[in-house]
């Protein structure tokens with residue numbers, strides 16, 4: 001995959017198997033577009049924070065959420 005390719009995200013979920021990670025970027029590199037109606041799964045010990053152009057725009061707590069949003073470029077869990 002080239003550096004200019006975009007990943008279209010339909011189900012967004014992260015599980016830290018090591019238990020040592022504080023922040024995780026989804027996707028890890030490049031750009032990701034969140035599809036309208038995508039599912040976001042946030043575990044009890046997590047929060048999801050949406051970033052765009054280097055600014056935090058929203059935070060979501062634990063649960064399964066259906067996202068009705070335009071293009072938000074980065075998601076950190």
Item checked: Calculated log₁₀ intensity ratio I(q)/I(0) where the Debye formula runs over C-alpha points of region 6-76, q = 0.22 Å⁻¹ -> -1.01
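Just need the relative contact order of region 6-76 here, percent rounded to a whole number, with Cα pairs under 8 Å and 6+ apart. Present the calculation step by step, with values, prior to reporting the outcome.
Values: 133 pairs, mean separation 26.0, N = 71.
Reported relative contact order: 37 percent.
Read-outs throughout are calculated quantities, based only on the coordinates presented, and are distinct from any laboratory measurement. Note that the coordinates shown come from a computational prediction; the quantities given were computed from them, not determined experimentally.
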